[in-house]
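The values are calculated or read from the model by the stated rules, or taken from the named source; none is laboratory data. This one's a predicted model, so the numbers in the text were calculated from it and none came from an experiment. So basically every Cβ, Gly included, is an ideal-geometry build from the backbone, and we count neighbours across all protein chains shown. In case anyone asks, the SASA skips ligands and DNA or RNA and just uses the protein heavy atoms, side chains included. Shrake-Rupley method; radii C 1.70, N 1.55, O 1.52, S 1.80 Å.
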Amino acid sequence: MICRTILASVLPVVLALSSWQTAQAQSVKGNEVVYHSASGDLRLQVCNERMIRITKSTGSEFPADEPWMVIKYDFDPVDFQVEGRTLKTAAMQIRIEADPWRLTLSDAQGRVLYQETGCDAGAQPRNECVMQADEHVFGFGERMDALDQRGRHIHLNVELGRGSKPAVGGKDILRAGYCPVPWFISNKGYALFFHNAAKTDWDMGWSRPDRYSFQASAGNLDYYLIVGPSIETMLHNYQLLTGVSPLMPRAAYGLHLGSYSGGTWKHEEMTSDTYPVQLVERMRSEGIPFDLLWLDSTWRFFNTTFGNGGCSFEFRPTFKDPQGMIDAIYRNHVALFGLHIRSIMDNGLGINLYDQAREAGITVPGARNPGIVNFFDQQAVDWWWDNAAMRLAGMGVKFFKTDVGSALGFPEGFRSEDGYSGDELHNLFPIAYAKAPYEKFAKLNKTRGFDHTREGYAGIQRYPFIWAGDWGTEWQWFEPVILAGLNMGLSGVGNWSHCMGGFEQYSEYDTDLYLRWCQMGMFSPVALLFGMDHPRYHEPWTYGPEAQRIFVKYDSLRYTLIPYIYSNAWQMYRTSRPLMTPLLYDYFDDELTYRITDQYLFGPSMMVCPVTNKGALSRPVYFPGGRWVDFWTGERIEGRQYKSFLTPPDLMPIFIREGAIIPKQSHRQYMAEKPVDVITLAVFPCEQSSYDLYEDDGISDNYQKGIYSLTHIESRLSDDGSWTLTIKKPEGAFKGERHRYNLEVWRDSVPAMVTQNNKILPRIPAPAATDAATAEENTPAPTAKAKRTAKDDGEPEGWYYDENLRRVIIHSRLNNSKDIVFKIN
């Protein structure tokens with residue numbers, strides 16, 4: 001039975017203790033408790049046993065629920081008790097003090113996690129709290145300055161920054177925030193989300209080491225507190241409020257390619273509709289895998305009204321046959337073709353969209369820029385789609401790159417009819433801007449939504465994906481971009497990317513930087529190649545044959561890992577675990593991980609260690625607890641140590657975590673090139689581990705309706721040294737492709753015997769030694785003892801031992817129509 005009790009005979013109850021004398025439990029209704037005092041009202045809304053919403057007011061009214069950041073306000077009944085000044089759930093306790101309202105949050109055992117020392121619920125709402133001596137905090141969105149934000153002052157606002165700018169690029173890296181998120185996770189076991197869209201400032205021990213505070217330029221003192229026990233459960237509760245990260249189309253986990261059509265800014269006259277087609281054909285002829293292409297801003301006509309800042313939705317005259325270009329691109333097996341747009345309408349040569357938009361009243365009222373579409377209003381969105389976007393969507397354009405979501409600004413003191421300040425609308429606008437094409441394209445094409453956007457705020461993860469913006473092609477920006485991705489994952493935004501090799505380039509070409517950045521980029525949630533360096537545009541062949549070979553090596557490796565990446569994207573949708581996480585995500589008790597910003601986990605099983613120093617031919621690596629194996633050499637490494645590794649130009653250190661089960665597919669040039677008829681499972685056994693291989697149609701949103709399949713895979717290592725892998729038959733409503741299995745098992749000794757469903761497999765000759773990136777492509781020579789089937793593809797059934805990497809390689813002819821059990825004795 002659900003119980004909500006106030007331990008008193010009647011309500012309201014006047015509690016007589018010092019400043020508490022004027023406070024009383026005003027009402028309890030459902031999951032909500034409201035208190036009153038002379039300084040204003042306090043509302044507590046219990047969302048679940050681990051999450052509570054707190055709203056402080058100077059009067060008796062509370063803000064209306066906004067729909068842009070938070071999308072869930074109604075929660076199931078929760079079992080909680082109010083005992084005087086304390087509210088308790090099964091997982092936490094809130095103790096309340098009045099005048100001003102101050103809360104102390106404890107866990108179920110009474111251990112204090114969070115304690116307030118003061119507040120102001122007025123025009124610039126502010127809370128002050130205790131910073132514990134050993135407390136560390138993480139999150140805040142796309143921060144490029146630090147991982148652990150203890151001791152720092154942080155300004156959160158969607159902007160490029162206003163401080164000194166570097167020689168390359170126009171961004172202030174210490175303040176720039178394409179995607180700020182007013183949220184942090186504390187190592188003390190709680191997280192805080194400030195539910196306020198205005199500019200916020202966070203003094204995280206900057207002024208004094210035993211205090212931190214957060215303050216907004218407008219809005220309300222409205223925030224959520226979440227109690228652990230893990231980072232993942234706190235992130236998941238945050239996404240219960242702001243929305244999960246949905247799956248992108250499966251092709252979007254391949255390589256994205258951006259192009260200025262042969263002419264970037266100041267070279268627009270060099271653009272053409274033949275350049276993108278030739279680019280696609282060159283990529284295919286060079287054997288460089290990719291699946292998506294978009295044309296950046298110079299595809300469109302720039303009018304004099306807003307220049308390149310406006311969007312006419314009209315191809316410039318250098319594009320003689322845009323429809324023919326789009327058709328040719330799709331004939332070259334590009335899965336999705338998109339175009340760069342802006343939120344500001346402009347007139348073109350053949351159509352005056354800016355004039356029409358103002359006449360139709362669909363621009364933002366009161367904005368400094370009169371041409372910005374009012375994406376907050378559904379009627380305006382419908383007009384924009386029908387009169388502007390459909391001019392391109394009707395030609396086969398499948399997504400937009402929604403650039404410059406930070407364009408919306410207002411005069412000082414502006415307030416909308418529904419009560420929003422200009423600061424709040426500015427930060428909410430990127431969400432509305434990304435939402436409109438995401439939903440419209442999904443409805444038009446009857447597919448899952450997809451959008452490529454630059455700016456965001458809390459909730460942007462609902463409309464993937466976001467990229468890190470225009471950072472310079474210099475070594476000084478490389479590691480900060482990695483850091484941005486780690487902070488984004490900790491802030492609930494998992495589908496994140498960046499321009500591999502940097503974006504703006506005004507100096508000499510640096511092949512080393514290009515390759516190191518691309519190596520890391522292939523192990524990002526979204527892999528994206530794009531730059532404005534005229535006339536090379538980051539195209540791999542422009543760096544020479546050896547650089548191209550290395551680029552293809554890592555690009556191809558990503559494509560073999562798509563089953564792993566896609567299954568982990570499903571887990572992100574289901575559990576909120578980001579695809580890319582700092583080491584602290586799984587090792588929160590190890591404070592050494594709080595300072596590591598050049599290593600990260602890609603999925604739960606791979607540790608990626610980019611080379612971030614120019615010309616470095618070695619680098620140190622920190623190994624958290626447990627055992628690891630070097631992906632390239634097979635070396636086994638014990639955790640809790642530092643160790644140095646050689647890093648020649650073609651090698652980025654990658655390590656596999658003990659217990660890993662990593663599904664892979666064969667090499668391909670694009671996702672749909674051939675069926676996934678063989679799944680290779682790379683396994684580093686531990687006592688017990690499991691993995692769910694996820695499959696769906698890769699296109700529709702039917703997965704949200706339960707139409708998908710899971711193949712459960714379980715690994716067990718026995719005390720006697722024998723090892724068993726059980727692969728269950730897929731379960732679920734989706735009927736996927738038939739595929740058989742190969743295994744790569746890191747094992748220190750040659751097996752005495754290998755069985756498959758209790759039948760002994762023959763030992764077959766090992767092929768010539770290769771590196772790990774191409775090992776799965778080897779096909780050993782047939783032998784008389786090797787079993788064949790009627791549908792023989794040239795690969796014999798059996799096993800061999802890879803002496804170089806110390807792995808057992810198993811080729812099976814059984815497919816996923818039945819359960820399979822492999823055993824190594």
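Descriptive notes on the structure:
- Once the Cα-Cα distance is subtracted from the 0.36 nm per residue extended length, the Ser207 to Arg627 segment shows a gain of 147.0 nm.
- Peptide packing: for 644-652, 216-224, 376-384, 150-158, the average count of neighbouring Cβ atoms within 10 Å per residue gives the ranking 216-224, 150-158, 376-384, 644-652, highest mean first.
- Dimensions in Å of region 249-404 - Rg and Dmax from alpha carbons: 16.0, 52
- Mean sequence separation of contacting Cα pairs (under 8 Å, at least six apart), scaled by the length of the chain, corresponds to a relative contact order of 9 percent.
- Note: relative contact order over region 379-457, using C-alpha pairs below 8 Å and six or more positions apart, is 37 percent.
- Relative contact order (%) - criterion: Cα under 8 Å, at least six apart; region: region 55-167: 12 percent
- Quarter of Cα convex hull surface for region 39-85, i.e. mean projection, nm²: 4.3 nm²
- Solvent-accessible area of His811 with every protein chain in place, 1.4 Å probe, in Å² to the nearest 10: 10 Å²
- Beyond 22 Å in Cα-Cα separation lie the following of the pairs Lys188/Lys643; Lys664/Lys729; Lys401/Lys735: Lys188/Lys643; Lys401/Lys735.
- Label point at Glu49 placed 7 Å out along Cα→Cβ; residues across region 89-110 whose backbone nitrogen lies under 11 Å: 89-92, 108
- Cα gyration tensor category, rounded, prolate or oblate, for region 606-662 with a/c compared to 1.5: prolate
- Separation in nanometres of the label points that stand 7 Å from Cα toward Cβ, at Ala38 and Thr86: 2.7 nm
- Over region 432-491: Kirkwood hydrodynamic radius from C-alpha pairwise inverse distances, Å: 13.0 Å
- Table column - 3J(HN,Hα) (Hz), region 740-746, Karplus curve with 6.51, -1.76, 1.60, x for Gly and Pro: 9, 10, 10, 10, 10, 10, 5
- Rg to Rh, two decimals, where region 379-474 supplies the alpha carbon set and Rh follows Kirkwood: 1.02
- Cβ-derived FRET efficiency at R0 25 Å, Tyr509 paired with Arg284, nearest 0.05: 0.50
- All C-alpha to C-alpha distances of region 60-118, sorted into 10 Å bins beginning at zero, yield P(r) values of 19, 35, 41, 5 percent in whole numbers.
- Cα-based shape type of region 358-418, given that a ≥ b ≥ c are square roots of the gyration tensor eigenvalues and the cut on a/c is 1.5: prolate
- Out of every Cα-Cα pair that region 536-683 contains, those further apart than 22 angstrom amount to 47 percent.
- Within straight-line cross-link reach of Lys440, aspartates and glutamates at Cα separation under 15 Å, skipping those fewer than 8 residues along the same chain: Asp377, Asp382, Asp386, Asp451, Asp701
- Taking the inverse of the mean 1/r over every pair of distinct Cα atoms in region 598-710 gives a Kirkwood hydrodynamic radius of 16.5 Å.
- Taking only the Cα atoms of region 678-752, the ratio Rg/Rh comes out at 1.07, with Rh defined as the Kirkwood radius.
- Subtracting the Cα-Cα distance of Lys614 and Lys266 from their residue separation scaled by 0.36 nm leaves 122.2 nm.
- At most 14 other Cβ within 10 Å, DSSP loop - GluC sites (Glu not before Pro), region 62-165: none
- Sites Ala768 and Arg636 - FRET efficiency at Förster radius 22 Å, r taken between beta-carbons, to 0.05: 0.40
- Pairwise FRET efficiency - Arg549 versus Val750, Cβ, R0 = 22 Å, nearest 0.05: 0.10
- Beta bridge orientation in the chain: antiparallel %, DSSP, nearest 5: 80 percent
- Stokes-Einstein D in µm²/s, Kirkwood radius over Cα pairs - the chain at 10 °C with 1.306 mPa s viscosity: 56 µm²/s
- Two tests apply to each whole DSSP H helix in the chain, Cα reach of 20 Å or more along its axis and mean Kyte-Doolittle hydropathy of at least -1.0, and the ones passing both are 422-445, 475-490, 545-560.
- Rg followed by Dmax, in Å, when region 460-529 is reduced to its Cα trace: 12.0, 39
- Simple spin-label estimate for Asp701 and Asp382 in nanometres, 7 Å along Cα-Cβ: 1.8 nm
- The length gained on full extension between Glu417 and Phe75, counted as 0.36 nm times the residue separation minus their Cα-Cα distance, comes to 120.2 nm.
- Remark on Tyr600: its backbone amide H falls under 5 Å from those of Val608, a criterion applied only to residues 5 or more positions apart or on other chains, H modelled at 1.01 Å from N.
- Span from the region 405-440 Cα centroid across to the region 253-281 one, whole angstrom: 32 Å
- Sequence-distant lysines (8 or more away, or on other chains) whose Cα lies within less than 24 Å of Lys199: Lys56, Lys72, Lys165, Lys171, Lys435
- Distance (nanometres) between label positions extended 7 Å along Cα→Cβ at Asn757 and Asp134: 5.4 nm
- All-pairs Cα distance distribution in region 98-137, expressed in whole percent, bin size 5 Å: 6, 20, 24, 22, 16, 9, 2, 0
- For region 111-270, the spread of Cα positions along each principal axis, largest first, Å: 64, 40, 30
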